[in-house]
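Chemist: One structure, pasted below without further comment.
The values are calculated or read from the model by the stated rules, or taken from the named source; none is laboratory data. Values in this document were obtained by computation on a predicted structure and should not be read as measured data. When we count neighbours, we look across all protein chains shown, and the Cβ atoms used for this are built from the backbone with ideal geometry, even at glycine.
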Amino acid sequence: MTMAADNRPANAVPRTANRDPYTPQTLLEVAVEVFNERGYDGTSMEHLSRAAGISKSSIYHHVRSKEELLRRAVSHALDGLFAVLDEPAARHGRAVDRLEHVTRRTTLTLIERLPYVTLLLRVRGNTGTERWALERRREFDHRVAELLRQAVSEGDLRADVDVRLATRLLFGMINSIAEWYRPGRGDAASAQEITEAVVTTAFGGLRLRQ
């Protein structure tokens, strides 16, 4: 994993001295940061307590367990992704246009919720929450794959590329953004530039030439 100059992962949420540690949201932000730095399994309540600057008993005032924090974090990522599938442009029209919309909006959602989606992409299924998150991810992938199948059957996408392979490659390209995107860096591309590059690269190869 690429590390920042202070030995934290480059895509970790920056710590701020003025962060209010006593709200559920700011506690969640701390937890996501630490989970991404140390890994969920490698994080203890003591680590979270030190990072938040509060006692463990204060954390338990907001949540019952470390796993509840994980559930809240990955739910935030999943809620954003599934909301894309409910947008009008993802539900109406030709499948290829719906698929392009979903690709564009999924990329933007990943960038907007980068720490949360990064955590979602790293769960391994070792807890009930992780297994639930993996199942939800599979459901999202299946729904996008179905759009791709429909676009092929409607004659708008190439039929000589396996649908499952195309789906994996598409998500592989989108999900890789979590590993290299550095928001706020001077030479970083904008979210819109990255999104358009993903759409152009993917659909330039998948669309049938008219």
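The rows are residues; the columns are (1) under 26 Å from Val152 (Cβ atoms); (2) touching a Ser or Thr at 6+ places or on another chain (Cβ under 9 Å).
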| position | (1), (2) |
| --- | --- |
| Lys66 | no, yes |
| Ala77 | no, yes |
| Pro88 | yes, no |
| Arg94 | yes, no |
| Arg122 | no, no |
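Chemist: Could you tell me whether any residue of the stretch 30-41 is in contact with an Asp or Glu (Cβ under 8 Å, 6 or more places away or on another chain), at pLDDT 90 or above, surrounded by 14 or more Cβ atoms within 10 Å (Cβ to Cβ) and aliphatic (A, V, I, L, M)?
Modeler: The answer is no; no qualifying residue exists.
Chemist: Testing Glu46 on (1) without any contact (Cβ under 8 Å) to a residue 24 or more places away in the chain; (2) within 16 Å of Leu120 (Cβ to Cβ), one condition comes back false. Which one is that?
Modeler: For Glu46, the failing item is (2).
Chemist: Same structure again: Quick one: count up the residues across the stretch 150-202 that are acidic (Asp, Glu) and under 18 Å from Arg98 (Cα atoms). Write out each step before concluding.
Modeler: Within the stretch 150-202, the subset acidic (Asp, Glu) is 154, 156, 160, 162, 179, 187, 193, 196.
Filter once more, keeping what is under 18 Å from Arg98 (Cα atoms): 154, 156, 196.
Qualifying residue count, the stretch 150-202: 3.
Chemist: While we're looking at this one, here's another question. Tell me, which helices (runs of 4 or more DSSP H) wholly within the stretch 88-165 include 3 or more residues that are surrounded by fewer than 21 Cβ atoms within 10 Å (Cβ to Cβ) and of a type in the set (A, V, I, L, M, F, W, C)?
Modeler: Filter on the stretch 88-165 gives 95-112, 128-153.
Chemist: Of the conditions (1) assigned to a helix (DSSP H, G or I); (2) over 30 Å from Phe171 (Cα atoms); (3) of a type outside the set (S, T, N, Q), Arg64 satisfies every one except a single condition; which number is it?
Modeler: Going through (1) assigned to a helix (DSSP H, G or I); (2) over 30 Å from Phe171 (Cα atoms); (3) of a type outside the set (S, T, N, Q) one by one, Arg64 breaks only (1).
Chemist: For residues that are outside any helix (DSSP H, G or I) and surrounded by 18 or more Cβ atoms within 10 Å (Cβ to Cβ), tally how many sit in the stretch 166-197. Spell out how you get there, then give the answer.
Modeler: Here is the first cut: in the stretch 166-197, the residues outside any helix (DSSP H, G or I) are 176, 181-190.
Next, only the ones that are surrounded by 18 or more Cβ atoms within 10 Å (Cβ to Cβ) stay: 181.
Total meeting the criteria: 1.
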